[in-house]
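To start, the structure under review is shown below, and the notes come after it.
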Amino acid sequence: MEIKILRRVLAANEAVAKSNKELFSQHGVLVLNLMSSPGSGKTCIIEQSVEALKNDYRIAVIIGDITSTIDAQRLSGLGVPIIQINTEPFGGECHLEASWVREAALSLNLQDLDLIFIENVGNLVCPAEFDTGADKNVVIVSLPEGEDKPLKYPLMFRISSVLLVNKIDLASVLDVDKKTLHRNALQVNPNLQIFDISAKTGEGFDAWLKWIEAELRKKRQQ
Amino acid sequence: MHELTIAENIKKTIEEVLKDKKAVVTRINLRVGKLRAVVPEALIFCFKFVAEGSSMENAELKIQEIPVKGICKKCDRDFVIDEPLFICPFCGSNHVELLSGRELEIESIEIEEG
Ligand SMILES: Nc1nc2c(ncn2[C@@H]2O[C@H](COP(=O)(O)OP(=O)(O)OP(=O)(O)O)[C@@H](O)[C@H]2O)c(=O)[nH]1
Ligand SMILES: [Mg+2]
Ligand SMILES: [Zn+2]
C-alpha cells in the first residue's frame, strides 16, 4: 500500500527556526549567523567585531564548535556572555540545529541584549540546510580558499545576505583574484553585500560594522 | 555527514507518520532538489545504517532528483539551471528567482501492514 505523506524532511528544524525568529523579534535582538569553511576566520571576526561594538551595544556570542571549547575560551576574554553549544558527542555534527540555538538563546537574558553572533560549525554544506532562525546569514570566504567557493556551494551563498572576504592582508602573496570571487558570488546571489576585510589588520571593518549598525537600527524600529 | 543527518530525519519523519501502526516499510519515495547537494549513493548508504533493526531496514530509498529551475523577474521566462550561474539565458538579467531545486521531501511511502 502506498501512503502519500508529503513531508519536508527538515520540517521540524524549520518550525523551530521560525519560532526562534519570533523569539528574537519579541526581544528586539539582532541575530547574525556566521558560516564558513573551517579556519576562514569566524572566531577572529567575531572577536574583532565584539571588541569594536561592545561599548555601544549589548552583545552575546553563541559558539558551535563541535569538538572542543577552544573557540569559546578564546572569546571569553571579551567580557560578554559566551554560550557554547554542546553538540552530539558521537555525531560529530556538521551544523547547528535550530533547537540547539534556541536552547542557547533561552539561557541568555534576551531582553538585555541588542546583538547575538552565532558561530556556526565550519562547513559550507550542512549549515546552509539548517536554518537557525537568525535574522541574517553571513558567509565568510578567506582569500586563500580561492575564487570558486560560491560556484561549488551555491545554496550557502543563496541563503546569505552578506559575504565577508577575509584575510585580504594576504592578497599580495596569493594568486587569487578578488574580483573573480566577487563576480562568482554575485552570479549566484546578486543581492549579496560584499565586504573585503582582514580580521588581522582590521582593514575593511568600518564598512562591515556600519552594516551591522544599520541592521541594529532597522531591528529597533520594528 | 550531511547525508547522515538527512537519513536520520527521514527515519524520524516516517516514525512520526506511522506512530504505533505495525507496518513494514518497503519503499520510500523522496524528492531531492539538485541544490541540496545530496549524493544519492551516500544517502542510501547512510539510510541503511540508521534504519538497521527498524521496520524500514529493508526499504528501498527511491530518490527523484529535481532540477534547479529559475524564473526571470525581468522577462518572465523560466528555465533550467545546470550550473551555478543564476542568470537568465534569454535576457541576461541576474534577477532570477528559484522555482525549484531546494526540495527535500518524502513524497510517499509504501508499506505492508502486519
Ligand atoms: N592573515 C590572516 N589570518 C587570519 C585572518 N583571520 C583569521 N586568521 C587566522 O586564521 C586562522 C583561523 O581563524 P579562526 O578565527 O580560528 O577561524 P574559524 O573560522 O573560527 O575556524 P573554525 O572555528 O576552526 O572553523 C587563525 O590562525 C587566525 O589567526 C586574517 O584576516 N588574516
Ligand atoms: Mg572558530
Ligand atoms: Zn530574462
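Between the alpha-carbon centers of segment A:151-222 and segment B:4-55, tell me the distance in whole angstrom.
Segment A:151-222 and segment B:4-55 have Cα centres separated by 37 Å.
Students often forget the sequence filter, so: which lysines lie under 20 Å Cα-Cα from residue A:54 once same-chain residues fewer than 8 apart are removed?
Leaving aside lysines fewer than 8 places away in the same chain, those within reach of residue A:54 are A:42, A:136, A:200, A:210, A:218, A:219.
Measure nothing but the geometry: give the 0 to 90° angle between the long axis through the Cα atoms of B:2-18 and the longest principal axis through the Cα atoms of chain B, rounded to 10°.
60 degrees
Please count, across segment B:2-113, the pairs of lysine residues with Cα atoms under 25 Å apart that sit 8 or more places apart or on different chains.
Qualifying lysine pairs in segment B:2-113: 23.
Are there GluC sites (Glu not before Pro) in segment B:1-77 that DSSP marks as loop and that have at most 10 other Cβ atoms within 10 Å, and which are they?
Of the GluC sites (Glu not before Pro), the ones in loops of segment B:1-77 whose Cβ has at most 10 other Cβ atoms within 10 Å are B:52.
For segment A:98-115, what does the Karplus curve 6.51 cos²θ - 1.76 cosθ + 1.60, with θ = phi - 60°, yield as ³J(HN,Hα) per residue in whole Hz, taken in order and with x for Gly and Pro?
4, 5, 6, 4, 4, 4, 4, 5, 5, 7, 9, 7, 4, 5, 9, 10, 9, 8
Would you tell me the mean number of C-beta atoms belonging to other protein chains that fall within 10 Å of each C-beta in B:3-13, as a whole number?
4
So which chymotrypsin sites (Phe, Trp or Tyr not before Pro) in segment A:26-135 end up in coil per DSSP with only 11 or fewer other C-beta atoms within 10 Å?
Here the sparse-neighbourhood loop sites are A:90.
Evaluate the Kirkwood expression for the hydrodynamic radius of segment A:120-179, namely the inverse of the mean inverse distance over all pairs of different C-alpha atoms, and round to one decimal in Å.
Every distinct Cα pair counted, the radius reaches 12.4 Å.
Could you tell me the calculated FRET efficiency between residue A:206 and residue B:60, based on Cβ-Cβ distance and R0 = 51 angstrom, to the nearest 0.05?
0.35
If we sort A:107-115, A:165-173 on the protection proxy, mean other Cβ atoms within 10 Å, highest first, what's the order?
Ranking the peptides A:107-115, A:165-173 by packing returns A:165-173, A:107-115.
If you take every residue apart from residue A:199 with its C-beta less than 14 Å away from the C-beta of residue A:199, what net charge results, scoring Lys and Arg +1 and Asp and Glu -1?
Charge balance in the 14 Å sphere: -4.
What span do the alpha-carbon atoms of segment A:93-138 cover on each of the three principal axes, reported in whole Å from largest to smallest?
Principal-axis extents of segment A:93-138 (Cα, largest first): 33, 19, 14 Å.
Treating the beta-carbon of each Lys and Arg as +1 and of each Asp and Glu as -1, no other charges, what is the dipole magnitude of the protein assembly as shown about its Cα centre, to the nearest 20 debye?
Magnitude of the dipole: close to 860 debye.
As a test of reading the structure, rank A:182, B:95, A:95 by solvent-accessible area (1.4 Å probe, protein chains only), most first.
B:95, A:182, A:95
For chain B, what number results from the quotient of the Cα radius of gyration and 2.2 N^0.38 Å?
With N residues counted in chain B, Rg over 2.2 N^0.38 Å equals 1.33.
Summing +1 for each Lys or Arg and -1 for each Asp or Glu, what net charge is found among the other residues whose Cβ lies under 11 Å from the Cβ of residue A:75?
-3
In what sequence, largest accessible area first, do A:74, A:8 appear using a 1.4 Å probe?
A:8, A:74
Need one value for A:10-20: mean number of C-beta atoms belonging to other chains within 10 Å of its residues' C-beta atoms.
Mean shielding by partner chains, rounded to a whole number: 2.
What list of ³J(HN,Hα) couplings, whole Hz, do you get for segment A:14-28 from phi and the Karplus terms 6.51, -1.76, 1.60, once you set θ to phi - 60° and write x for glycine and proline?
Rounded to whole hertz, the list is 5, 5, 5, 4, 5, 6, 4, 4, 5, 4, 5, 6, 3, 9, x.
Give me the percent of Cα-Cα pairs in the protein assembly as shown that sit more than 25 Å apart, rounded to a whole number.
56 percent
By the gyration tensor of its Cα atoms, with a ≥ b ≥ c the square roots of the eigenvalues, what is the shape of segment A:147-222: rounded for a/c under 1.5, prolate for a/b over b/c, or oblate?
Cα axes put segment A:147-222 in the oblate bin.
Return the loop-located trypsin sites (Lys or Arg not before Pro) in segment B:1-44 (DSSP other than H, G, I, E, B) with at most 10 other Cβ atoms within 10 Å of their own Cβ; answer none if there are none.
Hits after loop and neighbour filter: B:19, B:22.
The values are calculated or read from the model by the stated rules, or taken from the named source; none is laboratory data. Bear in mind the structure is a predicted one, so any value in this text is a computation, not a measurement. Neighbour counts run over all protein chains shown; Cβ positions are idealised from the backbone, glycine included. All accessible areas refer to the heavy atoms of the entire protein, side chains included, with ligands and DNA or RNA removed. Shrake-Rupley method; radii C 1.70, N 1.55, O 1.52, S 1.80 Å.
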